[in-house]
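Below you'll find the structure, written out as structure tokens, and then a few comments.
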Amino acid sequence: SRGMEASKPLLVRLAGPSGTIRLKIPSTSSLSNLFAAAEQELKMAAGQLALSTDLPGNHRLSRDGGSLSQAGVCHGDQLFVQTGVSDYMAAPSELVAEKKTTFTIDDVPDEEEEGVVAKYTPTMALVQEKFLKHSRGANRAHPFVDTGLEKFDFTQHQGFNSFKKASGHTRLHLRDAPKSVILTGQKHRHVDNVLVADNVALRNFITAWQNNGMGEQCMAWLYGEYKEYDAFEHGVRAVVHALYEPPQAGHVEGFNIFVDPTNEHAERVARMLGLSRVGWTFTAPGRCKSDPPDEPFKRMSSSEVAVASHFQAKTQLHHNGHLTPISRFVSMLISPDQESSTPGQLANVEPLAFQVTDQAVALHRDLILERPHKLDFCSVRQPSDPDDFVAPVIYSGNDVMEIDVDFLQLDLTVSVEPEAKSLFLRSTFPTRLFLKRDPTVNELKNEFRRYGHLSAHELLSDFNLLVFLASLENLKDEMQSICDCVRLGSPLQETALVKLKPYMGSASGSGAGLSVPFTAAAPAPAASAPGAGSSEGLEVLMSMGYSSEQAKFALDAAGGDVNSAVNILLNT
């Protein structure tokens, strides 16, 4: 048995600057055999290796110290490599050479671009898809199996070793402390393009904002669907079919959103139509960076990043029963283009789309960032008391107290294509921004009086009109039939026809489109609209938010036809 025990190999662990290795040598080996085998494994020249039995190196082993048993080296012992340790510890780290508390996007080193990068600026014009460049970087796998995705958690954990003392002070164990925030860039994006299929709805929203001199900012929810984006593999685009404006109050720098009593109706109509809330759009005045102060600021501000982070945190996707960091909720900024604007004229409007990074979502969710107070920087929150643990934010080895907002958002492209087919044929029902109040039954009757000659499919094909109908108690049970009529072109049920009749008015021709089941779009009858400058035509256009001068001009140009006047106003 002694012979078998002596023949067993001896396992020794060697820990050094390059890591820990395991070395197997015969149990009968001497120290000189140990040094020779270790030098061969570490690829060191003979005679250069220095070993010790303790980490500081106070108890070093001698090469000619006899056998391993005499030196006290047993199976499973750990020895420490001292060669090169003094040089490794003496060299100061370049990462902490300079103390910097504000992190800007200029601190990110430039990366070499692969191939030719197309210079693209999102505009309202037709987007040439073939010139777009996909910006997922090295991550080209499917999003759900992409190893580049990381679930961030910067919160304090409550473990067995952390407890609150009798004095009230929390004893936090190291393993329960919040992880440090290591600022990393995000090379992938979860949505690559925003296609505005209903261009008229977007123009109505922009026109309402411009009619107030761009002095009252506003927002709207984007309803649509997600589709594949053929520009590249696994591409995703958000297709916007409708805009919905919640109750709000705007001011010069922003807006306040109020409790929306019709929000549930908008969500219910969207579900019945097979749509979902894919994002939000908001306006902003012309802004400049804090440094340099004359450079236009064309990004989401710190406040807008905070709001977008909240929205994306609430809309993260589940996959196989697990919550992923993926959210496809998009943010579309509408602001005047200061560089191309002419003094004295209405500024050009340029829609830009963004998503905030997964790390930005976690920073706001875990209360690492404080309430925004700078336009282009997010500030790290200061602890309020000794028991308030805030994870440190680190970039390149330095603690930072401010983060450039450019580092926390990703650019998306915006397309507004004339040939894109929207689910809705009209966007003429007056909204809150045009009326400065909630729409009433009077607006519904005016809408039916103007378009009562259309077929049921065309008459009801307006998202905001459907939302208002859903708010009427007597139509609650008929909304699925009405939405199917709009979505599929199916006949409107008789019960829905009967309940809609009281809102059709008594004007000549009103309700003609609802008197028969829908088969095909009926041709419009000869124009019998109110004459140019009539009080009824002016009332219709002014109810949409246009001034009396604009309404009179459009009616004169359209020969008195209200529908043509609306098209003229929307396209000017």
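Brief remarks follow.
- Computed extension gain for Phe258 through Thr53, at 0.36 nm per residue and net of the alpha carbon distance, reaches 66.9 nm.
- Computed from phi, the 3J(HN,Hα) profile of the stretch 273-281 under the Karplus parametrisation 6.51, -1.76, 1.60 (θ = phi - 60°) reads 8, x, 10, 8, 7, 9, x, 9, 10 Hz, with x in place of Gly and Pro.
- Difference of contour (0.36 nm per residue) and Cα-Cα distance, Arg487 to Arg60: 145.5 nm
- Karplus (6.51, -1.76, 1.60) ³J(HN,Hα), θ = phi - 60°, over the stretch 217-223, in Hz, Gly and Pro reported as x: 6, 8, 8, 8, 7, 9, 10
- Angstrom value of the Kirkwood radius, inverse mean 1/r, which spans all Cα pairs in the stretch 265-357: 15.6
- Ordering 474-487, 349-362 by mean Cβ neighbour count within 10 Å, with the highest value first, yields 349-362, 474-487.
- Protein accessible area in the stretch 296-437, 1.4 Å probe - carbon and sulfur %: 54
- Ordering of 315-323, 300-308 by packing [mean C-beta count within 10 Å, highest first]: 300-308, 315-323
- Taking the average, over residues, of other Cβ atoms within 10 Å as the packing measure, peptides 368-375, 282-289 rank 282-289, 368-375 from highest down.
- When the pairs Lys8/Lys43; Lys187/Lys298; Lys374/Lys421 are compared against a 32 Å limit on Cα-Cα distance, Lys374/Lys421 fall above it.
- Accessible area per residue for the stretch 252-383, computed on protein heavy atoms with a 1.4 Å probe, is 46 Å².
The values are calculated or read from the model by the stated rules, or taken from the named source; none is laboratory data. What you see is a predicted model, and the numbers here were worked out from it, not measured in a lab. Cβ coordinates were reconstructed from backbone atoms using ideal geometry, including for glycine residues, and neighbour counts include every protein chain displayed. Note: areas computed on protein heavy atoms with side chains; ligands, DNA, RNA excluded. Shrake-Rupley method; radii C 1.70, N 1.55, O 1.52, S 1.80 Å.
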